Amino acid sequence: MLLSKEIKLKCRSFQENGYQGVSETELLDYLLLYRWKNRQRLSIKECKSDILHIEPNDFFDYQQLVAQTSPFQLRDWTDIKDLL
């Protein structure tokens, strides 16, 4: 993939800043399903630049939306092992 280097760099940057739970797959989902969803054609150069300018708050706001709209609720788990 043409953007894998930038995605890896951004994930590493998040991890260096204490955000250990960010994976490349989650970051790619954020980009495709949220950040770039309504944008018309972006060049590879624009995509690369955009990836490098993602702020942690942008990503975690999206993660919060995903969690709030998820069909799973904490009360649905009957065993604490489901959380691990």
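Please work out which residue is nearest to Val66 (Cα to Cα), limiting yourself to the range 7-40 and to residues that are assigned to a loop (DSSP other than H, G, I, E, B) and open to solvent by less than 40 Å² (accessible area, probe 1.4 Å). Across the range 7-40, the extreme among qualifying residues is Val22.
Quick check on Glu55: is it under 18 Å from Lys5 (Cβ atoms) and under 13 Å from the mean Cα position of the chain (by Cα)? The answer is no for Glu55.
The values are calculated or read from the model by the stated rules, or taken from the named source; none is laboratory data. Values in this document were obtained by computation on a predicted structure and should not be read as measured data. Virtual Cβ from ideal backbone geometry, glycine too; neighbours counted across all protein chains shown. Surface accessibility is based on the protein's heavy atoms, side chains included, excluding ligands, DNA and RNA. Shrake-Rupley method; radii C 1.70, N 1.55, O 1.52, S 1.80 Å.
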